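For reference, the structure discussed in these notes is given below.
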Amino acid sequence: MATLKTLVLGGYGNFGARICRALAGDAATRHHIALLVAGRDASRAQALANTLGHGAQGVVLDHQAPGLAATLREWGVDLVIHTAGPFQAQGYSVAQAAAEAGAHYIDLADGRRFVCDFPAALQAAFTAAGRTAIAGASTVPALSSAVIDHLCADWQCIDSIDICIAPAQRAPRGQATLAAVLSYCGLVIDVWQDGRWQPKRGWAQPTPVQFQRLQPRLGAVCDIPDLEIFPAHYKARDRVTFRAALEVGLAQRAFATLAALRHWGVLPHPEKVAWLMHHAGDALDFLGTPLGGMVVRVAGTGAQGQPRRRAWHIAADHDHGPEIPCMAAILLARQLAAGQPLPRGAHTSTSLLPLEAFAPEFAKWGMVTDVVEE
């Protein structure tokens, strides 16, 4: 079996490093993957590569610099895993360079426009190259769609989908991720509700959310690809919502305040205070725990025409929650390394992975899942 030379862009970052460690530590595929840990800082890239072994190398790469396709060809890259967010403000230059270089491409993007517009923008390039490109290989929509596919496998129709992610306060978080979240704080978001598109403001008006193994939290609307993809993909008749629920209520209300300030025109660019919010979050860690999780609730009509309501919960303790956004990219990279086919062309990650594929990853980190009939 040929070796898959895999370049992880942002490879020593919060998510990139986790992906590098997983691919290097997997006995089944590590001999079929040659890792390049890529980023702007040579010393940090090589320092991580040194801990990985198995021939991993640190390389200096600025993905915004010209000539990226030529560099990828020169290094013989077969797969680019793009983790260098935020994606909300990015174009498709990295994916286009991968296609030109004849490489596969996977990213962890959660930007709504970035992911939803990705297939149309890149389909021709990757089809011509005979390669696969997948956007949003992360918690959403890769895991969220896998959960819905599992919960509603034999249903006649789906009425509503309600998703909430609840990160642990003390879990490691990146400033770039925070900047991405703040970029739509207070902006109007189109949400499918009552069978039509309705405007909601990001991070405003938090409401209570119940979890199986976590204390109730306040959750606020966030702008993610699922909000646009799922109403059509699942023909959801009533609504599709997504909320994020921070563990410390004070932090949740701080986001709601920023949303109000933007709405009033006082703070037009909340993402510019990401560094301040990042350090303020550190100061609140003593109020939190290492326990985070997620819930996906669905309602609709079952196989025999009966009303159904089901929920899938996951609880991640010991600050392991940030492993979840990395799992889909890891699983897809392993498939490519094992020679298992993925659809050619450009796609979102929606329904590309079954829920059972995630089960060994959940077990590895001691995560507990529950399916509840509600």
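For ALA27, the stated conditions do not hold, so it cannot be described as crowded, with 19+ Cβ neighbours inside 10 Å, of a type in the set (A, V, I, L, M) and farther than 25 Å from SER183 by Cα. Tell me, which residue of the stretch 288-311 that is assigned to a loop (DSSP other than H, G, I, E, B) and touching a strand residue (DSSP E or B) at 6+ places or on another chain (Cβ under 7 Å) is farthest from ALA236 (Cα to Cα)? For the stretch 288-311, the residue satisfying everything is LEU291.
Taking strands (runs of 3 or more DSSP E) as the structural unit, no element lying wholly within the stretch 204-263 holds at least 3 residues that are of a type in the set (S, T, N, Q), more than 20 Å from SER138 (Cβ to Cβ) and in contact (Cβ under 8 Å) with a residue 12 or more places away in the chain.
Checked against (1) open to solvent by 20 Å² or more (accessible area, probe 1.4 Å); (2) at pLDDT below 95, ALA259 passes all but condition (1).
Of the numbered criteria (1) open to solvent by less than 50 Å² (accessible area, probe 1.4 Å); (2) not in a helix (DSSP H, G or I), the one ALA89 fails is (1). Count of the stretch 283-307 residues, restricted to those that are open to solvent by 40 Å² or more (accessible area, probe 1.4 Å), farther than 25 Å from ALA245 by Cα and polar (S, T, N, Q), is 2. Summed over the stretch 352-374, residues that are in contact with a helix residue (DSSP H, G or I) (Cβ under 7 Å, 6 or more places away or on another chain) and either in a helix (DSSP H, G or I) or within 24 Å of VAL80 (Cα to Cα) (or both) total 7. Only residues that are in contact with a strand residue (DSSP E or B) (Cβ under 7 Å, 6 or more places away or on another chain) and either part of a loop (DSSP other than H, G, I, E, B) or surrounded by fewer than 12 Cβ atoms within 10 Å (Cβ to Cβ) (or both) were counted in the stretch 330-351, giving 4.
The set of residues in the stretch 141-178 that are in contact with a His (Cβ under 9 Å, 6 or more places away or on another chain) and more than 21 Å from PHE230 (Cβ to Cβ) comprises ALA168, ALA171, ARG173, GLY174, GLN175, LEU178. For SER138, which of the numbered conditions (1) free of Cβ contacts under 8 Å to residues at least 12 places away in the same chain; (2) open to solvent by less than 50 Å² (accessible area, probe 1.4 Å) fails to hold? The one condition SER138 does not meet is (1).
The values are calculated or read from the model by the stated rules, or taken from the named source; none is laboratory data. Just so we're clear, the structure is a prediction, and the values are computed from it rather than from any experiment. Neighbour counts are summed over all protein chains in view; Cβ atoms, including those assigned to glycine, are modelled from backbone coordinates with ideal geometry. Ligands, DNA and RNA are excluded from the accessible area calculation, which covers all protein heavy atoms including side chains. Shrake-Rupley method; radii C 1.70, N 1.55, O 1.52, S 1.80 Å.
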